[in-house]
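A short write-up of the structure that comes next.
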Amino acid sequence: MEVFQELVVRGEPRQIVETAEFICKLVADKWSRDVLAEEQVNKWSPGVKTLCFDRSRDERLPGAALFLTQKTDALTVTNIVPRESGQLAYGEYNALLSEFIDRFVQPAVARTGAQMDVSDPQADLERWLTPGAAKKLRAFCAVANKRSGASHPSDRKFWFDFVVAAHREGAAFPASTLARWLNEVGGWDEEWASKLSIQYEQARGLLEYADHQAVGA
């Protein structure tokens, strides 16, 4: 499943500062630093420094703004947003990030010695779930009637097995991501993928509430 890539640069405080400074010196051509946007963003986020870069539109990519957050030991691209209305497609977002990395981040870390980590543009369930929980979700999709969701008792058991497993491991697996996976990979239509993701979110909330109640009893 296609996902937004993530970039994190890690290093000693001096390396992070020098990497950020070198990136700012390198930006050129269709990329530029947006100081006014930085002032606005940093005004509302005291204690966190964010660098903003603008990429002008051309025949290959849309115009966009890239936000690079600078902490003591890391630089992180927190978002890339289109300059025009709408939302960037996964391919557009990743292409913009790749261009920024290739032209500016890679030369900067090569100079400072900081370490750069870039996530893959494709991800499967194991990015969010343990292999055991992922196996349970795949098992549900394999046996369930795609026209009735988890309403049949035998299908419901497989569904509950997955939800309980995700809850017990504290999986950071958002309902929106589940809906995408069910539709794009699991074989469900958009309507049922949405219904199941809502059921999942409600069930996770109920299980968390029950845990808190049990602790307080």
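The values are calculated or read from the model by the stated rules, or taken from the named source; none is laboratory data. Nothing here was measured: the structure is a model prediction, and the numbers come from that model. When we count neighbours, we look across all protein chains shown, and the Cβ atoms used for this are built from the backbone with ideal geometry, even at glycine. These area figures cover heavy atoms from the full protein model, side chains too; ligands, DNA and RNA do not enter into them. Shrake-Rupley method; radii C 1.70, N 1.55, O 1.52, S 1.80 Å.
Considering each residue of region 52-61 in turn, at least one proves to be of a type outside the set (Val, Ile, Thr), in contact with an Asp or Glu (Cβ under 7 Å, 6 or more places away or on another chain), open to solvent by less than 40 Å² (accessible area, probe 1.4 Å) and not in a strand (DSSP E or B).
One residue stands out in region 56-83 among those that are under 21 Å from the mean Cα position of the chain (by Cα) and of a type in the set (Lys, Arg): the one that is modelled with the highest pLDDT, namely LYS71. When you check LEU129 against the structure, is it assigned to a loop (DSSP other than H, G, I, E, B), closer than 30 Å to LEU7 by Cα and either among the hydrophobic types (A, V, I, L, M, F, W, C) or in contact with a helix residue (DSSP H, G or I) (Cβ under 6 Å, 6 or more places away or on another chain) (or both), yes or no? So LEU129 passes the test. Considering ALA175, ALA150, ALA179, ALA171, the condition of being touching a residue at least 12 places away in the same chain (Cβ under 8 Å), over 19 Å from VAL3 (Cα atoms) and not aromatic (Phe, Trp, Tyr) is satisfied by ALA150 alone. Filtering region 187-213 to residues that are under 21 Å from the mean Cα position of the chain (by Cα) and either basic (Lys, Arg) or not in a helix (DSSP H, G or I) (or both) leaves only ARG204. Scanning region 30-51 for residues that are out of contact with any Ser or Thr (no Cβ under 7 Å at 6 or more places or on another chain), without any contact (Cβ under 8 Å) to a residue 60 or more places away in the chain and over 21 Å from THR112 (Cα atoms) yields SER32, ASP34, VAL35, LEU36, ALA37, GLU39, GLN40, LYS43, TRP44, SER45, PRO46, GLY47. Taking region 1-41 as the range and being within 17 Å of THR76 (Cβ to Cβ) and in a loop (DSSP other than H, G, I, E, B) as the test, the residues that pass are VAL3, PHE4, GLN5, GLU6, GLY11, GLU12. Could you check region 71-126 and list, in sequence order, the residues that are assigned to a strand (DSSP E or B), open to solvent by less than 70 Å² (accessible area, probe 1.4 Å) and over 16 Å from ILE16 (Cβ atoms)? Matches in region 71-126: ASN79, ILE80, VAL81, PRO82, VAL118.
Return yes or no: is ALA133 at pLDDT 95 or above and open to solvent by less than 70 Å² (accessible area, probe 1.4 Å)? The answer is yes for ALA133. When VAL17 is tested against the conditions (1) of a type outside the set (Lys, Arg); (2) over 20 Å from ASP117 (Cβ atoms); (3) open to solvent by 50 Å² or more (accessible area, probe 1.4 Å), the lone failure is (2). Return yes when GLU184 is under 18 Å from MET1 (Cα atoms), open to solvent by 80 Å² or more (accessible area, probe 1.4 Å) and within 23 Å of the chain's Cα centre (by Cα) and no when it is not. Criteria met by GLU184.
Of all the listed residues (PHE162, PHE158, PHE140), the sole one being open to solvent by 30 Å² or more (accessible area, probe 1.4 Å), among the aromatic types (Phe, Trp, Tyr) and in contact with a helix residue (DSSP H, G or I) (Cβ under 6 Å, 6 or more places away or on another chain) is PHE158. Candidates SER148, SER176: the one that is in a helix (DSSP H, G or I) and exposed (fewer than 13 other Cβ atoms within 10 Å of the Cβ) is SER176.
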